[in-house]
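Right, one structure below, let's go through it.
FYI, it's all coordinate maths here, none of it is from the lab. Because the structure is a prediction, the values reported are computed rather than measured. A quick note on method: Cβ atoms are made from the backbone with ideal geometry, for glycine too, and the neighbour counts reach across all protein chains shown.
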Amino acid sequence: MFAHFIYFIIALLILSLYEPPDQLPLTLSQALSLFTGTALIYGLYTRSLFERLKKRVSWEGQASLDHSFGQISTRCAILSLVLLGIDVWWLHLPAFLNRVPLFSVLPTLNSLLFLFLFVGYLAMMWAFSYRAHRAIYQTGISLKQYVSSNIAFSVPILIPWTLLFGINDLLQLLPFDFPKLIQNTPAGQIAYFLIFLIVAAIFAPVLVQRFWRCRPLKAGKSRSRIEALCQRAGVKYADIVLWPIFGGRMITAGVMGLVARFRYILVTEALLTMLTPDEVDQVIAHEIGHVKRKHLFLYLIFFIGFMLISYSAYPVTQFLLFSKGPLLSAVKIFQLNPFKTHDIFYGIALVVCIVLYFRFIFGYFIRNFERQADIYVFQLFPTARPLISTFDKIADSSGQPADKPNWHHFSIQQRVDYLWQCEQAPKWISRHNKKVAKSIAIFLVSIFILGLASFQLNQMMNSRGQRHLDVAVLEAYLDQKEHKNTEDAVLYWLVGNVYYEEEQLVRAASAYETALVLSPDNPDTLNNLAWLLATAENTPVHNPGRALALARKAIDLHKAPHIWDTLAQCLYANGLFEEAMDAEQQAIAMNPEDRQLYTDQLTKFRNAYEQGNR
């Protein structure tokens, strides 16, 4: 499940960074032909890898092939991501879907369809790996159970993501400006994400256990023992359910849910039939340990930490790329689109962050949380020997070596060894708990410092505006292009911003005018040019009349505080003081972040109005 999580995060990144070009390089029939061909090649390659592995079982033995099976599975999963990247970034399949009105107004639906495509690639891999898996591990589960159970692990990722961005799409469609204003600001996006993450962490277990087709454990000795143990430990829950993952043949259990009312304890049929009652008790004690040690809440904190890292990566990569240095020189030498280059650079940086963060930081904590849950058994029982014997049974039934390394769990042998160590010297229990507490403290301090540094970097870059950009690179790229498009309009707009902040107003106006020719209905370009024409007194570009026309068009296209403020300034420049006050009050009514600037503007307009009526 943990590996699936990393794969899906990268898949979401591939989709979220994609922006369709103005002109598609392929026709729909060409794109579909290439899509079919690459998928077929992937299927044939995957099938051949696992078939060759299956043939090796007869002469190499099962245990020796466990590592090879894992390696091939990882390779094919990575190839699935590459294939998704080809479908999205080379074949531009999402752009064809955007031509359908439903997909254009609900972009989450578009992305969800391609996530299902990614699941389809993985399902192809799992289907072809089944025969090798059955030969190596002797599990006895059916092909349908094997594939559907692997797909089921994606549900805890897909459900929250679909709701998060689906609700966002619906908010954007509402005929009110306030939800859009909240969602279009960095602070609003972070607040929305945090609120949703907390709500999802509380309520998602209800949906997940239903998608997993869990059913309540029937009344009887097994349920009574689990209920009695939970009551003894002071742990409340919504229900104890049978988990049919892999046909219920895995000896495993789980717990999910931050809040008792929506918390579920999951057990498999194999756990109840293959373990003794004492062993079942200690497996449940392990799951109780996760609840008592607040691991579920801490996982939420780790996701918030990852959000901070993602948020920090954007300004850092932008600063590294667009400040003078080798990266910027490469952009200039090869005449690359600076912002497409940045998107690729940012995407690569995020993938690296994802792998490092979840593989090493999150992996470190989850391994130690599992050990902490193991030793929690000593809080409820005088010995952990039933749990140790459970691990022996898991090793025997899984067909995997007990010392098999694992990035998100200590190996079974390591877990058993530590439990024996605690049996002989209980000091190791408190020592490990202190180690975890110290590690959490270091993590929280580090995340706080990272958040503060990221905020400071954003403030610095905002205070410098666009001045961290090397305008020569942008102009060199634009000059060598024969045919300009709406993407280039954004670059001309940025060139105009740079020149405006350097007070080269004539050059700024020229860049804005070019951007406007390429994209006549861009409200930001209309707004910036209107402000420049209205405020550039005693310069050749001063033109209050045209500024007012541009500002009126901008506000018709997008009602935002800064555009209302520009319209008010243009009305003021044309001597329409009363209308200027009305426009500024519209801006203030939207509760902008820099409210004082708007109130100062209103005071200026009111003073001019009063002086004109004396």
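Site pair F303 and T603 shows an inter-label distance of 4.6 nm when each label is modelled 7 Å from Cα along Cα→Cβ.
Summing charges over neighbours of Q414, with a neighbour being any other residue whose Cβ is under 12 Å away from its Cβ, gives 0 when K and R count +1 and D and E count -1. Please say if segment 1-153 is rounded, prolate or oblate, where rounded means a/c under 1.5 for a ≥ b ≥ c the square roots of the C-alpha gyration tensor eigenvalues, and otherwise the choice is prolate for a/b larger than b/c and oblate otherwise? Here segment 1-153 falls in the prolate category. Packing around the peptides 535-543, 517-525, taken as the average count of other Cβ atoms within 10 Å per residue, puts them in this order, highest first: 517-525, 535-543. Each of C353, C230, C422 has some number of other Cβ atoms within 10 Å of its Cβ, and from fewest to most they run C353, C230, C422. For R223, the shell of other residues with beta-carbons less than 13 Å away shows a net charge of +1, using +1 for Lys and Arg and -1 for Asp and Glu. Classification of segment 554-614 by its C-alpha gyration tensor yields an oblate form. The axis ratio a/c (a ≥ b ≥ c) is 1.5 or more, and b/c is at least a/b. From least to most packed, judged by other beta carbons within 10 angstrom and beginning with the fewest, V206, V352 follow the order V352, V206.
Here the Karplus relation 6.51 cos²θ - 1.76 cosθ + 1.60, evaluated at θ = phi - 60°, turns the backbone of segment 375-390 into coupling constants of 6, 5, 3, 5, 6, 10, 9, x, 9, 10, 4, x, 5, 4, 5, 5 Hz, with x for every Gly and Pro. Only helical runs count toward this figure. For the chain, summing -39,500 (n - 2.57) over DSSP H runs of n ≥ 4 and dividing by all residues gives -24500 deg cm²/dmol at 222 nm.
Computed over all pairs of different Cα atoms, the Kirkwood value for the hydrodynamic radius of the chain is 28.4 Å. Restriction of the GluC sites (Glu not before Pro) in segment 182-290 to DSSP coil positions whose beta-carbon has at most 16 other beta-carbons within 10 angstrom yields no sites. The angle between the Cα long axis of helix 186-211 and the longest principal axis of the Cα atoms of the chain comes to about 30 degrees, rounded to the nearest 10. Show me, for segment 543-548, the HN-Hα J-couplings you get by feeding each phi into the Karplus relation (A = 6.51, B = -1.76, C = 1.60, θ = phi - 60°), rounded to Hz, glycine and proline as x. My calculation for segment 543-548 gives 8, x, x, 5, 4, 5 Hz in order. Does segment 16-83 come out rounded, prolate or oblate by the C-alpha gyration tensor, with a ≥ b ≥ c the root eigenvalues, rounded set by a/c under 1.5 and, if not, prolate when a/b is larger than b/c and oblate if not? It comes out oblate by the Cα gyration axes. The residues Y346, Y42, Y364, when put in order of fewest to most other Cβ atoms within 10 Å, stand as Y364, Y42, Y346. In degrees from 0 to 90, rounded to the nearest 10, what is the angle of the helix 577-589 Cα long axis to the longest principal axis of the chain? Result, in degrees: 10.
Where the centre of each part is set by its Cα atoms, how far does segment 564-614 sit from segment 224-296, in angstrom? Answer, in whole Å: 63.
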